[in-house]
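Below is one structure, written out as structure tokens; comments come after it.
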Amino acid sequence: PGFSYSNLLAIYSRDKFVGPHGELLATGQQSVVMDLNSFVWVSKRRILGAKFSMSATLPIANNSLTSDVAGAISGGQGFADSYYQPFILGWDTKRAAIRSVYGFLAPTGEFKAGANDNVGSGYWTHAVSSGQTFYLTKDKATSVSAFQMYEIHTTQAETEIHPGQTLNLDYS
């Protein structure tokens with residue numbers, strides 16, 4: 001129980017884009033740097049037998065995309081869209097850990113239709129997710145995990161574009 005802070009510095013870069021058969025589609029420099037600052041609070045109280053917690057992730061982004069053919073395509077930096085999880089429930093047993101989460105992505109990053117320096121999406125996203133880990137051995141050395149997330153995207157205010165919904169299914 002209590003407050004905690006976590007920082008993740010994610011750096012992605014590439015100098016070529018290849019197709020599904022390994023063919024070279026484009027060259028140039030693409031890079032995205034995300035500094036993700038997460039603040040998490042865990043309650044001492046339980047709800048429905050689960051630990052209750054909340055989190056907020058405040059990202060700072062710096063991205064650049066250039067092409068050898070087209071030159072500079074886009075680049076932006078600044079405070080990006082922030083992600084809030086006001087409702088996280090977590091159950092833990094000797095052989096399982098289960099999480100159920102409601103979160104939303106707020107369009108806090110700058111977005112202007114047609115601009116090439118956006119760091120925001122220009123729309124809200126609501127997300128419902130759940131993760132499960134089942135321990136196959138008593139010492140928890142072997143496990144099976146699954147994660148599901150359903151994203152409900154709203155319409156971009158300036159463009160009236162609606163990106164549709166997204167369903168993520170992951171396992172390991």
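The values are calculated or read from the model by the stated rules, or taken from the named source; none is laboratory data. Given the structure is predicted, the values throughout are model-derived calculations rather than measurements. Methodologically, a virtual Cβ is constructed for each residue, glycine included, from the backbone with ideal geometry; neighbour enumeration extends over all protein chains shown. We work out accessible area using only protein heavy atoms, side chains counted, and drop any ligands, DNA or RNA first. Shrake-Rupley method; radii C 1.70, N 1.55, O 1.52, S 1.80 Å.
Among residues of region 35-51 that are polar (S, T, N, Q), those with a Cβ under 8 angstrom from a residue that is open to solvent by less than 40 Å² (accessible area, probe 1.4 Å), sequence gap 6+ or separate chain, pair up as 37/57; 37/59; 38/55; 38/56; 38/57; 43/52; 43/53.
Among the residues of this structure, residue 64 does not count as one that is closer than 25 Å to residue 169 by Cβ and in contact (Cβ under 8 Å) with a residue 12 or more places away in the chain. Looking across region 53-69, the residues that are open to solvent by 70 Å² or more (accessible area, probe 1.4 Å) and either more than 16 Å from the chain's Cα centre (by Cα) or over 25 Å from residue 150 (Cβ atoms) (or both) come down to 60, 62, 68, 69. Out of everything in region 113-143 that is open to solvent by 70 Å² or more (accessible area, probe 1.4 Å) and assigned to a strand (DSSP E or B), what residue ends up being nearest to residue 61 (Cα to Cα)? Looking at residues that are open to solvent by 70 Å² or more (accessible area, probe 1.4 Å) and assigned to a strand (DSSP E or B), I get 128. A count restricted to region 61-110 and to residues that are assigned to a strand (DSSP E or B) and either of a type in the set (Asp, Glu) or modelled with pLDDT under 95 (or both) stands at 16. Please determine whether any residue of region 96-105 is farther than 23 Å from residue 35 by Cα and either among the charged types (D, E, K, R) or in contact with a Lys or Arg (Cβ under 7 Å, 6 or more places away or on another chain) (or both). Yes, because at least one residue in region 96-105 is farther than 23 Å from residue 35 by Cα and either among the charged types (D, E, K, R) or in contact with a Lys or Arg (Cβ under 7 Å, 6 or more places away or on another chain) (or both). If you go through region 15-51 and pick out every residue that is over 20 Å from residue 118 (Cα atoms) and either touching a Lys or Arg at 6+ places or on another chain (Cβ under 9 Å) or not acidic (Asp, Glu) (or both), you end up with 25.
Looking only at residues in region 23-52 that are in contact with a Gly (Cβ under 8 Å, 6 or more places away or on another chain) and within 30 Å of residue 12 (Cα to Cα), the one that is most open to solvent (accessible area, probe 1.4 Å) is 25. With respect to the conditions (1) farther than 29 Å from residue 111 by Cα; (2) free of Cβ contacts under 8 Å to residues at least 24 places away in the same chain, residue 25 lacks only one, and its number is (1).
Could you list, in sequence order, the residues of region 144-168 that are polar (S, T, N, Q) and either assigned to a loop (DSSP other than H, G, I, E, B) or in contact with a Leu (Cβ under 8 Å, 6 or more places away or on another chain) (or both)? If the condition is that a residue be polar (S, T, N, Q) and either assigned to a loop (DSSP other than H, G, I, E, B) or in contact with a Leu (Cβ under 8 Å, 6 or more places away or on another chain) (or both), then 148, 154, 155, 156, 159, 165 are the ones that fit.
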